[in-house]
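One structure is given below, encoded as structure tokens.
The values are calculated or read from the model by the stated rules, or taken from the named source; none is laboratory data. All values derive from a computational prediction rather than experimental measurement. Positions of Cβ are backbone-derived with ideal geometry, glycine not excepted, and every protein chain shown enters the neighbour counts. What goes into the accessible areas is simple: the full protein's heavy atoms, side chains included, and nothing from ligands, DNA or RNA. Shrake-Rupley method; radii C 1.70, N 1.55, O 1.52, S 1.80 Å.
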Amino acid sequence: MAILPPLLSSQKNTRTVGRGVQSTFVILFTLLMLSGIGTRLVYLQIIEGENHRRRAESNRIRTIPKQPERGNIFDRNGKLLASTRYPRSVYLWPMAHTKPSWSVVGPRLAKILDTPQEDIEKILEQSAVNPSSLIRIARNLNEAQITALKEYENELPGVEINTEAVRYYPQGKELAHILGYTREITAEQLEKKKAERYRLGDVTGQMGVEKAYEKLLRGEWGGQQIEVDGSGRPLRVIGTKQAKAGNDLHLTIDLDMQMAAEKALGNRNGAIVAIDPKNGAILAMVSHPTFDPNIFSKQKLSQKDWETVQGSEHPLVNRAISAFPPASTFKIVTTTAGLESGKFSPDTVLETYGSLTIGGTRFGEWNHAGFGPLGFVGALQWSSDTFFYQIGKRVGGPTLIEWTRKYGFGRKTGFEFTTEESKGLVPDEKWKQKAWKIPWSVGDTINMSIGQGALQATPLQIAVMFAVPANGGYKVQPHLLKDNEEARSWRESLNLKPTTVKTLREGLRKVVHEGTGKALNVPTIPPAAGKSGTAEAWRKGVKENHAWFGAYAPADKPEILVVAFAEHSGGGGGSVAAPMVLQVMEKHFARK
């Protein structure tokens, strides 16, 4: 029998020790690894699969957006007020500046466009939410910039030059406060408008008609989806969607009347509003100082551009819908309150004085002498303060305030510029207690009766007030969008007594024929009716009054109503504002 060597016997025993434990460990380790891999695959393919597919798709498919053309804006006669021009702009793929080539592309673009590289990168970073779309980084390229970009196109991968639609206002300053302007959406605005499918680079209306009718004017984006290879070269067009242009708008504005109002106002700060008194359609609306809305179509405003819109005179403010003391134009409301209260009749005659002392305070007459005995018609004709002090005192504050509100003061008119329009101020007991911590007094009523004190109204509200006697007792809603609705759809009756309307119309006619508005008593226009106003106002410690005049013509069957307001004119309504009204009316009737 063979005897195994001791060494061989010893080696066999060593190899069998622990063999069962090692096998179990290897099996468990293998199962654990396979389980981990499987779990990871489930997570990547099922849970995160959609995200990864989108990321892969964004690298393979690029979107070239097509901006919609904004709707045109026309006046009531079809004359073009706002349109579109097509400058060339620079676009860039957002992922381009994450590649090594950006160290060459970035500085080269910054030099050609004369824009800090940091500004370009900031635009691209803000667009990270949609990295597969072209992003505009500069617009309004000049010929030198276009030439330079083409010259270095081999060094500028991912950079493209395209035309785009940019807003253009042929008349420039003359319609700035009506049309407003468009501006590229800011990051803050984008956060609020994401739900409305806005994107970085969109332009939106910032004021005026452009803002009020943004949804109609905007249109819908279109574009192309293009498949590209690993180097970003286009392979094929996958799909195309045509951009849908915005709707064209036809306004009630008459461009000829607008230009006439602009000329009449001249360089004075103030406003002129012309409306159809039957239905409130706005024929002209001018505010000064003004600005050129075309500057906002630039990618970046220069310091000089900013100075034209941010001056101390506030050129962006639309004074036609800003509030000021209405002065004696308001005597239309005081007359209405007196006659409708039943405490006075159309035949009432009151003595007028150089001044009246009421509640221990002296209230003066504007001519410091009085006019003798006057009725309502004569009091309107000569704008007697002491006559209307007596009306206001006897009628009382609550009744006067009630009729002030019925005429539309203290709230917005319903005009389209809801975010820009001031509602003015109708002071009352509640307001006085809150503002001054003292009760309403008879002196407050006296001041209010002649349109002074804390009372504030806009030129547009004053136009609405004048329309009441002009159209026979209806409060109209001013509007800018032209349509074919009947006049009654834009107005409501104040249910005035026929004798009240008759007295108002006779008084306002007398103002022009023989009173403070004789500047309009000329053969170049039909017989007109109106009312002047001079509001006490101070600027930098110096008294510089506001001047008002409102009028309509023909007096018996009005077809146009014009209100002129001259801010800090230093003169009276009859001498400063009335001639401006006349110029606008002459333009209207000369065409007929």
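Accessible surface for the range 139-178, divided over its residues, is 49 Å² per residue with a 1.4 Å probe. Relative intensity of the range 264-386 on a log10 scale, I(q)/I(0) at q = 0.16 Å⁻¹, equals -0.94, per a Debye sum over C-alpha point scatterers of equal strength in the absence of solvent.
Tell me, what is the per residue accessible area of the range 240-328 in Å², probe radius 1.4 Å? Before the final figure, lay out each step's value.
Numbers: 3510 Å² over 89 residues.
Ligands and nucleic acids excluded, the result is 39 Å² per residue.
Beta bridges from DSSP with both residues in the chain: antiparallel share about 95 percent, rounded to the nearest 5. Scanning residues 5 or more positions from residue 82 or on other chains, those with amide H under 5 Å from its amide H are 73, with H placed 1.01 Å from N in the peptide plane.
Where in the range 401-461 are there trypsin sites (Lys or Arg not before Pro) that are in a DSSP coil and have at most 14 other Cβ atoms within 10 angstrom of their Cβ?
On the way: sites: 405, 406, 411, 412, 423, 430, 432, 434, 437; in loops: 411, 412, 423, 437.
Here the trypsin sites (Lys or Arg not before Pro) that fit, given the DSSP loop and packing criteria, are 411, 437.
Ratio of the range 479-592's C-alpha Rg to 2.2 N^0.38 Å, to two decimals? Can you show the working numbers first?
Values: Rg = 16.0 Å, N = 114, 2.2 N^0.38 = 13.3 Å.
Scaled against compact globular proteins, the figure is 1.20.
Measuring from label point to label point, each 7 Å out along Cα→Cβ, what is the residue 103 to residue 442 span in nm? So the two model labels end up 8.9 nm from each other.
Can you give the direction-averaged projected area of the convex hull of the alpha-carbon atoms in the chain, in nm²? List each step's numbers first, then the result.
Details: hull surface 185.1 nm².
Result: a mean projected hull area of 46.3 nm².
The H on the amide N of residue 138, modeled in the peptide plane, is under 5 Å from the matching H of 90, each at least 5 residues off or on a different chain. All other residues whose Cβ lies under 15 angstrom from that of residue 327 are scored, Lys and Arg at +1 and Asp and Glu at -1, for a net of -2. Per the Debye formula on identical point scatterers at the alpha carbon atoms of the range 346-427, with no solvent, log10 I(q)/I(0) at q = 0.11, 0.14 Å⁻¹ is -0.42, -0.62. Applying a threshold of 30 Å to the alpha-carbon distances of 423/592; 278/432; 331/543; 66/194; 278/393 flags 423/592; 278/432; 278/393 as lying beyond it. About its Cα centre, the chain has a charge dipole of approximately 1380 debye under the convention of +1 per Lys or Arg Cβ and -1 per Asp or Glu Cβ, with nothing else charged.
Mind checking the per residue accessible area of the range 446-592 for me, 1.4 Å probe, whole number of Å²?
Numbers: 5650 Å² over 147 residues.
So the range 446-592 comes to 38 Å² accessible per residue, rounded to a whole number.
Rolling a 1.4 Å probe over the protein heavy atoms of the chain, with every protein chain left in place, gives an accessible area that is 53 percent carbon and sulfur.
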